[in-house]
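Student: My structure is below; once you've seen it, I'll send some questions.
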Amino acid sequence: MIRTALPADLDAIAALHSRARATYYQGHIPEEAYAGVAELTRTREGWSRAVARGDGVVLCAEQDGELAGVAAFRAVDGQMTLTQLHVDPGHWRRGIGAALHAACLTAWHRAEVRRVRLEVYEHNLRAQAFYTALGWRPDPAAPPSGSHRTLWLTLPGPSGE
């Protein structure tokens with residue numbers, strides 16, 4: 001089930017986000033940059049702002065009554081941006097990421113969004129493959145954004161163009 005996140009979800013969202021990040025940051029950046037109490041607190045504060053913000057959407061995916069994934073998007077500098085999409089590693093390969101992505105697509109279509117961007121960590125090859133399979137493409141003219149790659153998704157218009 002996909003639903004809008006609530007403030008009561010914040011602890012579970014922050015913990016899920018931390019577990020997911022550990023899978024792709026481990027061995028690439030210092031552990032204190034993605035793990036530990038201080039980082040969990042910072043992560044929860046960021047998600048708290050996202051849930052409270054009126055200019056974006058945070059979606060939760062539940063499976064068997066527990067939080068299994070989370071996605072967030074909002075306009076950043078006038079451009080719709082998928083800011084987060086995480087699936088708990090214990091729930092990988094069950095269609096949760098695809099369901100969250102589909103819910104985002106539905107919202108973007110309703111809002112008549114035609115192009116969406118995201119940044120994905122350069123060493124997160126699993127995520128890059130996931131997004132590529134869903135039609136996201138790099139912008140060859142865009143310079144790399146630090147340790148992240150920028151991908152774009154072009155959505156068809158109402159008549160399919």
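Student: Can you confirm whether Pro143 is part of a loop (DSSP other than H, G, I, E, B), on the phi < 0 side of the Ramachandran plot and in contact with a helix residue (DSSP H, G or I) (Cβ under 9 Å, 6 or more places away or on another chain)?
Tutor: So Pro143 fails the test.
Student: OK, next. Please go through segment 127-140 and pick out each residue that is hydroxyl-bearing (Ser, Thr, Tyr) and in a strand (DSSP E or B).
Tutor: Within segment 127-140, no residue meets the criteria.
Student: If Ala111 satisfies every condition in (1) surrounded by fewer than 16 Cβ atoms within 10 Å (Cβ to Cβ); (2) under 15 Å from the mean Cα position of the chain (by Cα) but one, which is the exception?
Tutor: Of (1) surrounded by fewer than 16 Cβ atoms within 10 Å (Cβ to Cβ); (2) under 15 Å from the mean Cα position of the chain (by Cα), only one is false for Ala111: (2).
Student: Give Val113, Val76 a once-over and let me know the one that is over 27 Å from Ala15 (Cα atoms) and among the hydrophobic types (A, V, I, L, M, F, W, C).
Tutor: None of the other options fit; the residue is Val113.
Student: Would you check if Trp136 is under 19 Å from Val76 (Cα atoms), free of Cβ contacts under 8 Å to residues at least 24 places away in the same chain, surrounded by 11 or more Cβ atoms within 10 Å (Cβ to Cβ) and under 14 Å from the mean Cα position of the chain (by Cα)? Outline the logic, then answer.
Tutor: Numbers: under 19 Å from Val76 (Cα atoms): yes; free of Cβ contacts under 8 Å to residues at least 24 places away in the same chain: yes; surrounded by 11 or more Cβ atoms within 10 Å (Cβ to Cβ): yes; under 14 Å from the mean Cα position of the chain (by Cα): yes.
Yes, satisfied.
Student: Next question. Name the pairs: first residue in segment 143-161 and under 27 Å from Ala111 (Cα atoms) and modelled with pLDDT of 70 or more, second residue surrounded by 14 or more Cβ atoms within 10 Å (Cβ to Cβ) and of a type in the set (A, V, I, L, M), Cβ to Cβ under 6 Å, at least 6 apart or on different chains?
Tutor: Arg149/Val120; Leu151/Leu118; Leu153/Val116
Student: Taking the conditions exactly as written (assigned to a helix (DSSP H, G or I), under 14 Å from the mean Cα position of the chain (by Cα) and either over 24 Å from Thr132 (Cβ atoms) or at pLDDT 90 or above (or both)), does Ala72 satisfy them or not?
Tutor: no
Student: State which residue is nearest to the chain's Cα centre (by Cα) when the search covers only segment 9-43 and only residues that are under 23 Å from Ala75 (Cα atoms) and modelled with pLDDT of 90 or more.
Tutor: His17
Student: Right, here's the next one. Among the residues of segment 146-161, what is the count of those that are under 22 Å from His86 (Cβ atoms) and assigned to a strand (DSSP E or B)?
Tutor: 6
Student: Collect the residues in segment 75-117 that are within 15 Å of Tyr131 (Cα to Cα), of a type outside the set (Lys, Arg) and in a strand (DSSP E or B), keeping them in residue-number order. Before the answer, list the steps.
Tutor: Here is the first cut: in segment 75-117, the ones within 15 Å of Tyr131 (Cα to Cα) are 81-87, 92-93, 95-105, 115-117.
Then keep just the ones that are of a type outside the set (Lys, Arg); that gives 81-87, 92, 95-105, 116.
Passing the criteria: Thr81, Leu82, Thr83, Gln84, Leu85, His86, Val87, Val116.
Student: Sticking with this structure for a sec: Given the structure, is Thr154 closer than 27 Å to Met1 by Cβ and among the polar types (S, T, N, Q)?
Tutor: So Thr154 fails the test.
Student: Would you check if Ala72 is hydrophobic (A, V, I, L, M, F, W, C), touching a helix residue (DSSP H, G or I) at 6+ places or on another chain (Cβ under 8 Å) and over 22 Å from Glu122 (Cβ atoms)? Step through it out loud before you land on a result.
Tutor: Working: hydrophobic (A, V, I, L, M, F, W, C): yes; touching a helix residue (DSSP H, G or I) at 6+ places or on another chain (Cβ under 8 Å): yes; over 22 Å from Glu122 (Cβ atoms): no.
So Ala72 does not fit the description; no.
Student: Could you check, for segment 119-126, whether at least one of its residues is without any contact (Cβ under 8 Å) to a residue 12 or more places away in the chain, closer than 18 Å to Thr23 by Cα, among the hydrophobic types (A, V, I, L, M, F, W, C) and not in a loop (DSSP other than H, G, I, E, B)?
Tutor: The answer is yes; a qualifying residue exists.
The values are calculated or read from the model by the stated rules, or taken from the named source; none is laboratory data. The structure displayed is predicted, hence computed values, not measured ones. Note that each Cβ is placed from the backbone with ideal geometry, even for glycine, and that neighbours are counted across all protein chains shown.
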